[in-house]
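What follows is a short report on a single structure.
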Amino acid sequence: MANPLDLRWNHGVPRWSSASEPPIQAQAYDERTVILRQSKSTNYEAPFIYLLFGADRALLLDTGATADPAVFPLRETVDSLVADWLRRHPRDGYELVVAHTHGHGDHIAADAQFAGRPNTVVVAKEPEAVRAFFGFDDAHWPDQEVPFDLGGGRVLRAIGAPGHHAAGVVFHDSATGFLLTGDMVYPGRIYVADFPELVATLNRLVAFCAAHEVTWVMGCHVEMTDRPYRDYPIGATYQPHERALPMTVAQLTALRDAAVRVDGRRGAHRFEDFIVVNAPQSATRR
């Protein structure tokens, strides 16, 4: 199986340079898994987006930080990837589900590009809509895992994950072993909207990892440099020495332990692989 650490990502270009990079970089992890990154030349957030193929449907997880298809042609890119998949695996009525790790603007901006696309469902960003679509029981949210079947034996587990955002969901893909954590766990600034919920979610994820095979923890941003404790400034559009995207279960556990150690104190708390930012207003702006 491929190692996502071997994937090399575009990381912006210097402001003074005449160089450029494409608005979207798409790399196949394996035949059924594509990881996309929005260029920092279109938006400094440069979120990662995941496209997972099953026999019956594909899941596009997040739509990035820019709405304008002329600047950020996500629909065109996804249509090309789906068409390539269907050339190799022909079938009629193949469905695309457009969902989100959470509802912040840098993860939902291009939703409208998929309006009117045939055989496509765009899941609304509101917590109630997310719970209803995936089949979470309101009475047991967020302490619940629910299956989401892409067909052909590829069944994801959706895990309630508020703390950064009320509609946060983490997905486990048994086909790759990826734990897709959105903005809950990634090498960067972990913005906290609800501190007790964040700790509860991290405890839930640590327990999940103890009971399931998790190869890599895959978030949606890289903000740390390749030097411990150091991050790029907010708004950076060029990150030539950024940390690798994949994280380990040990790093997830370290984040949980760090959050417990911070114990709800306000401010930015710096650790080797991440920064816990307990400032709820900052979390709502992301």
Please enumerate the residues belonging to the range 132-144 that are closer than 19 Å to Leu202 by Cα, crowded, with 16+ Cβ neighbours inside 10 Å and modelled with pLDDT of 95 or more. Phe136, Pro142
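Hey, among the residues in the range 176-190 that are more than 10 Å from Thr215 (Cα to Cα) and small (Gly, Ala, Ser), which one's surrounded by the most Cβ atoms within 10 Å (Cβ to Cβ)? Can you show your working first?
Applying the first criterion (more than 10 Å from Thr215 (Cα to Cα)) to the range 176-190 yields 180-190.
Filter once more, keeping what is small (Gly, Ala, Ser): 182, 188.
Details: Gly182: 27, Gly188: 21.
This residue is Gly182.
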So which strands (runs of 3 or more DSSP E) stay within the range 198-286 end to end and still have 1 or more residues that are open to solvent by 60 Å² or more (accessible area, probe 1.4 Å)? 267-270
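Looking only at the range 115-151, how many residues end up being basic (Lys, Arg), over 21 Å from Gly93 (Cα atoms) and assigned to a loop (DSSP other than H, G, I, E, B)?
So the first thing to find is which residues in the range 115-151 are basic (Lys, Arg), and the list is 117, 125, 131.
Then drop every residue that is not over 21 Å from Gly93 (Cα atoms), which leaves 125, 131.
Pick out the ones that are also assigned to a loop (DSSP other than H, G, I, E, B) and you get 125.
Matching residues across the range 115-151 total 1.
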Suppose the filter is free of Cβ contacts under 8 Å to residues at least 40 places away in the same chain and either over 18 Å from the mean Cα position of the chain (by Cα) or more than 21 Å from Leu36 (Cβ to Cβ) (or both); does Ala200 pass it? no
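Being of a type in the set (Ser, Thr, Tyr) and farther than 25 Å from Ala175 by Cα is the filter here; which residues of the range 1-45 pass it?
So in the range 1-45, the residues of a type in the set (Ser, Thr, Tyr) come out as 17-18, 20, 29, 33, 39, 41-42, 44.
If the condition is that a residue be of a type in the set (Ser, Thr, Tyr) and farther than 25 Å from Ala175 by Cα, then Ser17, Ser18, Ser20, Ser39, Ser41, Thr42, Tyr44 are the ones that fit.
I'd like to check something: does the range 116-126 contain any residue that is small (Gly, Ala, Ser), farther than 18 Å from Thr201 by Cβ and surrounded by 14 or more Cβ atoms within 10 Å (Cβ to Cβ)? It would help to see each step written out before you state the result.
From the range 116-126, those small (Gly, Ala, Ser) are 116, 124; that's our starting set.
With farther than 18 Å from Thr201 by Cβ added as a condition, the list becomes 116, 124.
Among the residues that remain, those that are also surrounded by 14 or more Cβ atoms within 10 Å (Cβ to Cβ) are: 124.
Yes: one or more hits.
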Of the listed residues (Ala19, Ala26, Ala46, Ala55), the one being among the small types (Gly, Ala, Ser) and assigned to a strand (DSSP E or B) is Ala26
Note on Ala129: of the conditions (1) open to solvent by 40 Å² or more (accessible area, probe 1.4 Å); (2) over 21 Å from Phe195 (Cα atoms), unmet is (1)
If we scan the range 222-229, do we find a residue that is touching a helix residue (DSSP H, G or I) at 6+ places or on another chain (Cβ under 6 Å) and at pLDDT 95 or above? no
The one condition in (1) under 18 Å from the mean Cα position of the chain (by Cα); (2) within 24 Å of Lys125 (Cβ to Cβ) that Ala175 fails to fulfil: (2)
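Might you check whether a residue that is of a type in the set (Lys, Arg) and open to solvent by 50 Å² or more (accessible area, probe 1.4 Å) occurs anywhere in the range 152-160? Outline the logic, then answer.
Applying the first criterion (of a type in the set (Lys, Arg)) to the range 152-160 yields 154, 157.
Next, from what is left, pick out any that are open to solvent by 50 Å² or more (accessible area, probe 1.4 Å): 157.
Looking through the range 152-160, at least one residue is of a type in the set (Lys, Arg) and open to solvent by 50 Å² or more (accessible area, probe 1.4 Å).
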So which residues in the range 60-86 are under 16 Å from Thr33 (Cα atoms) and either among the charged types (D, E, K, R) or in contact (Cβ under 8 Å) with a residue 60 or more places away in the chain (or both), if there are any at all? Leu61, Asp62, Asp79, Asp84
Tally the residues that are over 17 Å from Leu52 (Cα atoms), outside any loop (DSSP other than H, G, I, E, B) and open to solvent by 20 Å² or more (accessible area, probe 1.4 Å), restricting the search to the range 90-110. 2
Taking Thr77 as the residue in question, decide whether it is open to solvent by less than 50 Å² (accessible area, probe 1.4 Å), of a type in the set (Ser, Thr, Tyr) and out of contact with any Asp or Glu (no Cβ under 9 Å at 6 or more places or on another chain). yes
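Can Asp30 be described as more than 26 Å from Pro118 (Cβ to Cβ) and either charged (D, E, K, R) or surrounded by fewer than 20 Cβ atoms within 10 Å (Cβ to Cβ) (or both)? Full working, then the answer.
Numbers: more than 26 Å from Pro118 (Cβ to Cβ): yes; either charged (D, E, K, R) or surrounded by fewer than 20 Cβ atoms within 10 Å (Cβ to Cβ) (or both): yes.
Here the answer is yes, as Asp30 does meet what is asked.
The values are calculated or read from the model by the stated rules, or taken from the named source; none is laboratory data. All values derive from a computational prediction rather than experimental measurement. Neighbour counts are summed over all protein chains in view; Cβ atoms, including those assigned to glycine, are modelled from backbone coordinates with ideal geometry. These accessible areas exclude ligands, DNA and RNA; they are computed on the full protein's heavy atoms, side chains included. Shrake-Rupley method; radii C 1.70, N 1.55, O 1.52, S 1.80 Å.
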